[in-house]
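Heads up, the thing below is written out as structure tokens.
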Amino acid sequence: MDVFLLSRLQFALNISFHILFPTITMALGWFLFYFKLRSNLSAHPVWMRIYRFWVKVFALSFALGVVSGVTMSFQFGTNWPGFMERVGNIAGPLLGYEVLTAFFLEATFLGIMLFGIHRVPNWLHTLSTLVVALGTTASAFWILALNSWMQTPQGHEIIDGVAYAVSWKEIIFNPSFPYRFFHMMLASGLTASFLIAGLSAYRLLLGDNKRAPTLAFKTATYTAAVLIPLQIFVGDLHGLNTLEHQPQKVAAMEGIWETTEGAPLLLFAIPDEEERTNKLEIAIPHGASFILTHDINGRLQGLNDFEGEHPPVAPVFYSFRIMVGMGMLMLLVSWIGSTYWLRQKQLPSWLNKVFISMTFSGWVATLAGWYVTEIGRQPYLVSGVLKTSEAVTQIPADNVLISFVLYSAIYVFLLLAYLRTLMVMCRKASDVEEYSRPEFTQLNLQQAES
Amino acid sequence: MFIDNLTTESLGNIYIGLLGLAILVYAILDGYDLGIGVLLPIQDEGHNDKMIASIGPYWDANETWLVLAVGILLIAFPAAHSELLQSLYLPATVMLLGLILRGVSFDFRAKVIEHQKQQWDLTFKLGSLITTLAQGYMLGIYVTGLRSDIWAQGFATLSAVGVTAAYVFIGACWLVAKTTGDLRTKAIVWAKYGVLALVIGIAAVSLANLTLHENVRQLWLSAPTGLVLSAIPVLAFTLLGIGYLVLQRLPEVEGAGDKLPFFIAALVFTLCFSAFALSYYPYVIPGQMTISETLSNSDSLKFLLIGAVFVVPCILLYTVMVYRIFSGKLESLRYH
């Protein structure tokens, strides 16, 4: 295998592994802030119980995010030197601001959050929880500004092949940035919601009938039910934005080869890149044109208009369907769940099991979504400015093969350890006694939940 | 604003200064927590929880200084970043794997059932050791100007051991400051061995260093620069001597003096670092690339500097705040 392919595989592996954890922590930080606020406002210790369980999950996920993130900062130099040579003047400061305004904030105040509860006044502990949540969001802001600039670059000029900044405002607030930012934050919200719901359901299944898992479960179900329609709406806007700026990506997402008026919405197909056509199509006539142009006979550009300049079709096409399918499933499950929660104090056992099976649905949808947008940008690293193949390192392929194998092994090991530890934590939490001090009567619990 | 009027030269100096600061702070802060990882006994005799608790609130932020250092190198000196990391591809990969292992072990061990805890402790120790050895090795190769011959390898091996010893020393000093009783007594012994290892290490690395680059030798061996520069090792050895005496006297009383060894260690780190920095300035890669040859576009650097002027003091401020919150001896620092 050549160094280009290996470097791409290694980068894809690293970033796929990495994104799993920020996707959880970005929103879990806000959940923790909410739990902490509820704990401050109510006399009942149940919210602190919830906080203390989920802050551990946060710490573990955060640690995995940090260590895999450190790896990323090295990879730019080791495998993609051309990236910094050509667009470093843009990428550099954005990454720099991420480190300065987000990483230190998160890492430092996390220490107070985890260990400071008996050492600092309660307000400072609450503030630290808020600061950590803000830090994770700031981190998302900068890295998504950079990623969006790579998708829809503007605010720069090219002199001798090198990009120079002209307007930082235009660079940061480039056309796809607002959509990508909200799309990702909502994805994180949904990922954390289904994680909380799923692990809480697992604790209930283990026979843990304390108040904390039930209350956390309910909170997460409602959150998901509110976020998913928002996500579908924002996702649609993001798609329209992509159609405007990266039509070849949308053509790959929809599997449209020839420019068509009244293009069908393909529910399923097997794109064949050699013959430049689809097989086994199941389609809704005029569907794609209607969704994307809001006109059943709207004109959509096909892939053949971009020959040699469009992404590989099959992975984009399939990933898009996985993402959308997962979103629909989330809608269904969270709404059914909420309906039950509104009427009764617990969910039927089949629905509990459904939630357990959906624990990591956010990961699947988020990864699929990122594959759509990142593979969809190929063959460019920075749309129209820098091709991925131009940025790759010249080091021997064997070195990259060695590191790729090592990373793969360690990531598989860590992922298994992470999942196993989450299960162990649920079991441990289930064994803990319910808080039973006499002053916390049923009345107080009702207040806490209302 | 004054930033707009900066010359390219002063921008280069500011960024190399920031890079130096980040590396030095990293070596001191992550140094002690890596050192404690290396020191962690394989057979837990009841100290492991305390040793790890002593670094609990800090390690995440400590490691962030490495991200900052690599970030500044990437942003301000991109050509040096890619040259360095492509030359050091495999050791850098090994270091990252070490960092990954130790970083996650720390969190896993607190959450798993008892018999698995020991496995994670071992991973923590090994990960820390791999990291310190790899960092020392890379430092060695870097100082040779990225050579790969047998002499450079030998020097890098020496440096790997030296850096590990230095981290172990500062780690032991941290434990002296943070712990009580048996563990403190043990840490004092570790720290004393650390002083001895460091004296040998600094002497060996300094001598080897003189043989590497002609201009460095001239800088050190000719007056008046040599006189000023040789004050640095003299001062470092004096401090280590004082440190040893302090450690000798410590077992009798637990108290305010317990913090002294750590500050001495931090000072010794600063001195060693200054010796390196003064020897190689204005090179970003010794003998290969100078600041001006690799500095990136001024406008972008100015844009980042505007933020850095405000944010870096804040980072230092809240770092100090956190150290104050958790200052003093370890009581029952619980991971809740």
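A few remarks follow.
- Candidates A:LEU406, A:LEU414: the one that is farther than 20 Å from A:ALA197 by Cα, free of Cβ contacts under 8 Å to residues at least 12 places away in the same chain and of a type in the set (A, V, I, L, M) is A:LEU406.
- When residues of segment A:193-237 are limited to those that are among the hydrophobic types (A, V, I, L, M, F, W, C), part of a helix (DSSP H, G or I) and over 30 Å from A:GLY369 (Cα atoms), the one most open to solvent (accessible area, probe 1.4 Å): A:LEU205
- Verdict on A:ILE410 being modelled with pLDDT of 90 or more, open to solvent by 60 Å² or more (accessible area, probe 1.4 Å) and in a helix (DSSP H, G or I): no
- Of everything in segment A:396-407 that is at pLDDT 90 or above, more than 9 Å from every other protein chain (Cβ to nearest Cβ) and open to solvent by 60 Å² or more (accessible area, probe 1.4 Å), the residue that is nearest to A:LEU60 (Cα to Cα) is A:VAL405.
- Within segment A:59-69, none of the residues are at the interface with chain B (Cβ under 9 Å from one of its Cβ atoms), open to solvent by 10 Å² or more (accessible area, probe 1.4 Å) and at pLDDT below 85.
- Among residues of segment A:157-210, those that are in contact with a Leu (Cβ under 7 Å, 6 or more places away or on another chain) and small (Gly, Ala, Ser), counted: 3
- Of everything listed in (1) touching a helix residue (DSSP H, G or I) at 6+ places or on another chain (Cβ under 9 Å); (2) more than 30 Å from A:MET185 (Cα to Cα); (3) assigned to a strand (DSSP E or B), the single unmet condition for A:TRP257 is (3).
- Top-ranked residue in segment A:115-130 [being at the interface with chain B (Cβ under 9 Å from one of its Cβ atoms) and open to solvent by 10 Å² or more (accessible area, probe 1.4 Å); ranked as modelled with the highest pLDDT]: A:LEU124
A quick yes/no check of all residues on (1) over 25 Å from A:VAL405 (Cβ atoms); (2) among the β-branched types (Val, Ile, Thr); (3) at the interface with chain A (Cβ under 7 Å from one of its Cβ atoms):
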site	(1), (2), (3)
B:MET51	yes, no, no
B:TRP59	yes, no, no
B:ALA80	yes, no, no
B:LEU101	no, no, no
B:SER105	no, no, no
B:GLU114	yes, no, no
B:GLN119	no, no, no
B:SER128	no, no, no
B:THR131	no, yes, no
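- Residue list for segment A:85-102, filter: facing chain B (nearest Cβ under 9 Å), over 24 Å from the mean Cα position of the chain (by Cα) and open to solvent by 10 Å² or more (accessible area, probe 1.4 Å): A:GLU85, A:ASN89
- Among the residues of segment A:292-304, some residue qualifies, meaning at least one is part of a loop (DSSP other than H, G, I, E, B), out of contact with any strand residue (DSSP E or B) (no Cβ under 6 Å at 6 or more places or on another chain) and of a type in the set (A, V, I, L, M, F, W, C).
- Verdict on A:SER39 being more than 9 Å from chain B (Cβ to nearest Cβ) and either outside any helix (DSSP H, G or I) or among the hydroxyl-bearing types (Ser, Thr, Tyr) (or both): yes
- In segment B:285-306, the count of residues that are open to solvent by 50 Å² or more (accessible area, probe 1.4 Å), within 10 Å of chain A (Cβ to nearest Cβ) and not β-branched (Val, Ile, Thr) is one or more.
- Residues that are in a loop (DSSP other than H, G, I, E, B) and at pLDDT 85 or above were ranked within segment A:260-284; the one that is farthest from A:GLY325 (Cα to Cα) is A:ALA263.
- Here A:THR393 meets the list (1) open to solvent by less than 60 Å² (accessible area, probe 1.4 Å); (2) assigned to a helix (DSSP H, G or I) almost entirely, failing just condition (2).
- When the test is whether a residue is in a helix (DSSP H, G or I), open to solvent by 30 Å² or more (accessible area, probe 1.4 Å) and either away from chain A (no Cβ under 14 Å) or under 19 Å from B:LEU29 (Cβ atoms) (or both), B:PHE310 does not pass it.
- Residues in segment A:413-450 that are modelled with pLDDT under 85 and under 17 Å from A:PHE58 (Cβ atoms): A:LYS428, A:ALA429.
- Single residue of B:LEU74, B:LEU96 found to be at pLDDT 90 or above and facing another protein chain (nearest Cβ under 7 Å): B:LEU96
- Every pair of residues 6+ apart whose Cβ atoms lie under 7 Å, when the first sits in segment A:38-54 and is closer than 18 Å to A:GLY198 by Cα and among the charged types (D, E, K, R) while the second is assigned to a loop (DSSP other than H, G, I, E, B) and at pLDDT below 90: A:ARG49/A:TYR435; A:ARG52/B:HIS336
- Just one residue in the set B:ALA236, B:ALA204 is closer than 22 Å to B:ARG147 by Cα, modelled with pLDDT of 80 or more and open to solvent by less than 50 Å² (accessible area, probe 1.4 Å); that residue is B:ALA204.
- Looking only at segment B:121-139, and only at residues there that are of a type in the set (S, T, N, Q) and within 16 Å of the chain's Cα centre (by Cα), the one that is nearest to B:ILE285 (Cα to Cα): B:GLN135
- For segment A:404-422, the set of residues classified as touching a helix residue (DSSP H, G or I) at 6+ places or on another chain (Cβ under 7 Å) and within 21 Å of B:SER105 (Cβ to Cβ) consists of A:LEU406, A:TYR407, A:SER408, A:ILE410, A:TYR411, A:LEU414, A:ALA417, A:TYR418, A:THR421, A:LEU422, listed by residue number.
The values are calculated or read from the model by the stated rules, or taken from the named source; none is laboratory data. In this text, all values refer to a predicted model and were calculated from it rather than measured experimentally. All Cβ positions, even for glycine, are placed from backbone atoms using ideal geometry, and neighbour counts span all protein chains on display. Only protein heavy atoms, including side chains, enter the accessible area calculation; ligands, DNA and RNA are left aside. Shrake-Rupley method; radii C 1.70, N 1.55, O 1.52, S 1.80 Å.
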